[in-house]
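Structure provided below as structure tokens; questions to follow.
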Amino acid sequence: MKARTCLAIVLAAGEGTRMRSAVPKVLHAIAGRSLIAHVLAAIAEAGIADTAVVIGPGQEAVAAEAQRVLPGATAFVQREQRGTAHAALAAKEAIGRLAPDDVLIVYGDTPLIRPETLMRLRAPLGAGAAIAVLGFRAANPFGYGRLVVADGKLVAIREEADASAAERAINLCNGGLMALAGNHALAILEQISNDNRKGEFYLTDAVEIACGMKLDAVAVEVEEDDVRGINTKAQLAEAESVAQQRLRKAALDAGVTLVAPETVFLSADTKFGKDVVVEPYVVFGENVTVEDGAVIHSFSHVASAHIGKRASVGPFARLRPGAKLGEGARIGNFVEVKQSAIEAGAKVNHLSYIGDASVGANANIGAGTITCNYDGIQKHRTEIGDEAFVGSNSALVAPVRIGKRAYIGSGSVITANVPDDALALGRGRQVVKEGWASRLRGLKSLGKKKAHSHD
Ligand code: UD1
Ligand code: CA
């Protein structure tokens, strides 16, 4: 049988006023990724070929984020926020042009949705239903639409504001995702009116309309965590916690040692090799890869970084975007690395800043070394050769090159290139004055005696 074609319409036009934020709701993030990126990733993984994203006027940032995640997605602007059905119809042109077998409507604020759940929702359409809705049993159903089931059939969805007391007691809730048979989708959506408390065009009315047309509506029940909608910062935090639990479990299942999983924060795209150990209290921002056998010690923060095989990071290390550690490299406590390659076997063990630099294989960077990469206007690079030895508390003023196997004396301020195998010293020469301290003490005791003789 030929696979059914599908158009996914992602509704993302709402401002999300209850988030109390200047940032559009769907651009808030959980697990290091925007809400809409989570939704689009699930759609792509479910093998759905066409996606339309409905944004509000002036929400170019939302369209740009959608493009970044799913370059094939088309954006449609809903001029006024007049409800979820009105939003879906903003993509009417795509429904008409593509004439898909299935139209899948997904809310941009339900980031925990999984690809397998999207496939389950579409399944009843293949079996002849005109409409399928994701339902879940809510611990606290307040605010969600309720699924009204009669004689085992889904007959209506009632919004909180319009529900009777009996309907409010229903705990089977609308997950906010709907699949419509493509050949009925427009006919159903265009019949929806705004005859309700809020005066909005509710997508949820599609169920009653389909039933009136003698078409079949089906509820597909899933876990609450799959369809948690985010309207407030508290719900954002709850969704973060669910996402973290899932990511930690996936990492453990893949063989990563998380000593205290509940204290480790991951991103949706964090990648681990084999036999990686992550100690308690480590945070991974987006785009981090950790190769086999690496160890990340406690209280480290890592983002957009690559950690090579058997490398060691922390405790208390910060790897910022563009940090790239080679095999067996060591980054110790209170060390910050940004936009720098630390080649195999190199060590930066204590209290350093390495930015816009390359540190050659097996080089040793002493405690307190700083690359002075910024002159107040521009950033400049520092290049340190293989096996170089930089003495403690050195300042390397970029742009500057330290040759292979070169030595830098401790406490140097290096402003000129150092050739291979050379020693560079850039500090005041030490002055020693023999007997100076005892002469001082002698003067002091004389002074005290004089003071005594006065009283
Ligand atoms: C909606 C459902 C409710 C369901 C809940 C699940 C409706 C009428 N209600 O309620 O039954 O239980 O989700 O989370 O569908 N949007 C637009 N344009 C608009 C209005 C909304 O694009 O004019 C977008 C929003 O950005 C959001 C999504 O649609 O991503 C859902 O809208 P929201 O206002 O959050 O609906 P809920 O009140 O949560
Ligand atoms: Ca919502």
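Values quoted throughout were computed directly from the atomic coordinates according to the rules given, and no laboratory measurement underlies them. Just so you know, these numbers come straight off a predicted model, no measurement behind them. When we count neighbours, we look across all protein chains shown, and the Cβ atoms used for this are built from the backbone with ideal geometry, even at glycine.
Of everything in the stretch 98-116, what is within 25 Å of Gln81 (Cα to Cα), within 28 Å of the chain's Cα centre (by Cα) and more than 16 Å from ligand 2 (Cβ to nearest atom)? Give them in sequence order.
Matches in the stretch 98-116: Leu104 only.
Could you identify the single residue in Leu134, Leu236, Leu189, Leu177 that is of a type outside the set (S, T, N, Q), in a helix (DSSP H, G or I), within 14 Å of ligand 2 (Cβ to nearest atom) and surrounded by 19 or more Cβ atoms within 10 Å (Cβ to Cβ)?
Leu236
In addition: Taking the stretch 146-160 only, how many residues are outside any strand (DSSP E or B) and within 16 Å of ligand 2 (Cβ to nearest atom)?
Qualifying residue count, the stretch 146-160: 2.
Restricting attention to the stretch 235-264, which residues are under 18 Å from His301 (Cα atoms) and without any contact (Cβ under 8 Å) to a residue 40 or more places away in the chain?
Arg248, Ala251, Val256, Thr257, Leu258, Val259, Ala260, Pro261, Glu262, Thr263, Val264
Would you be able to say whether some residue in the stretch 133-142 is more than 16 Å from ligand 1 (Cβ to nearest atom) and within 25 Å of Gly182 (Cα to Cα)?
For the stretch 133-142, residues more than 16 Å from ligand 1 (Cβ to nearest atom) and within 25 Å of Gly182 (Cα to Cα): absent.
When you go through Ala239, Ala305 one by one, which is the residue that is within 30 Å of Leu11 (Cα to Cα) and under 16 Å from the mean Cα position of the chain (by Cα)?
The match here is Ala239.
Oh, and also: Against the condition farther than 18 Å from Gln244 by Cα and either within 15 Å of ligand 1 (Cβ to nearest atom) or touching a residue at least 24 places away in the same chain (Cβ under 8 Å) (or both), how does Ser21 come out, does it pass?
Yes, satisfied.
Here's a follow-up. Restricting to the stretch 403-446, give me the number of residues that are among the small types (Gly, Ala, Ser) and part of a loop (DSSP other than H, G, I, E, B).
Here the count works out to 11.
For the stretch 329-351, enumerate the residues that are over 27 Å from the mean Cα position of the chain (by Cα) and either over 12 Å from Ala388 (Cβ atoms) or assigned to a strand (DSSP E or B) (or both).
If the condition is that a residue be over 27 Å from the mean Cα position of the chain (by Cα) and either over 12 Å from Ala388 (Cβ atoms) or assigned to a strand (DSSP E or B) (or both), then Ala344, Gly345, Lys347, Val348, Asn349, His350, Leu351 are the ones that fit.
On the basis of being in a loop (DSSP other than H, G, I, E, B), within 11 Å of ligand 1 (Cβ to nearest atom) and either closer than 25 Å to Gly182 by Cα or out of contact with any helix residue (DSSP H, G or I) (no Cβ under 9 Å at 6 or more places or on another chain) (or both), does Ala13 make the cut?
Spelling it out, Ala13 is indeed in a loop (DSSP other than H, G, I, E, B), within 11 Å of ligand 1 (Cβ to nearest atom) and either closer than 25 Å to Gly182 by Cα or out of contact with any helix residue (DSSP H, G or I) (no Cβ under 9 Å at 6 or more places or on another chain) (or both).
Return the pair list, or none, for Cβ contacts closer than 7 Å from residues in the stretch 49-67 that are over 25 Å from Ala3 (Cβ atoms) to residues that are of a type in the set (Gly, Ala, Ser) and more than 16 Å from ligand 2 (Cβ to nearest atom), at least 6 apart or on different chains.
Val54/Ala90; Val54/Ala91; Ile55/Ala63; Ile55/Ala75; Ala63/Ala75; Glu65/Ala37; Gln67/Ala73
While we're looking at this one, here's another question. Mind checking whether some residue in the stretch 178-201 is closer than 27 Å to His38 by Cα, among the small types (Gly, Ala, Ser) and touching a Cys at 6+ places or on another chain (Cβ under 6 Å)?
Checking the stretch 178-201: not a single residue is closer than 27 Å to His38 by Cα, among the small types (Gly, Ala, Ser) and touching a Cys at 6+ places or on another chain (Cβ under 6 Å).
Given the options Asn194, Asn183, name the one that is touching a Phe, Trp or Tyr at 6+ places or on another chain (Cβ under 6 Å) and either farther than 24 Å from Asp109 by Cα or assigned to a loop (DSSP other than H, G, I, E, B) (or both).
On inspection, the qualifying residue turns out to be Asn194.
If you don't mind, another one. Return the pairs, sorted by first residue and then second, in which the second residue is charged (D, E, K, R) and away from ligand 1 (no atom under 14 Å from the Cβ), the first residue lies in the stretch 97-124 and is over 17 Å from Ala52 (Cβ atoms), the beta carbons are less than 7 Å apart, and the residues are 6+ apart or on different chains.
What qualifies is Pro115/Glu45.
Name the single residue, out of those in the stretch 47-105 being of a type in the set (S, T, N, Q) and within 13 Å of ligand 1 (Cβ to nearest atom), that is surrounded by the fewest Cβ atoms within 10 Å (Cβ to Cβ).
Ranking the candidates gives Gln81 first.
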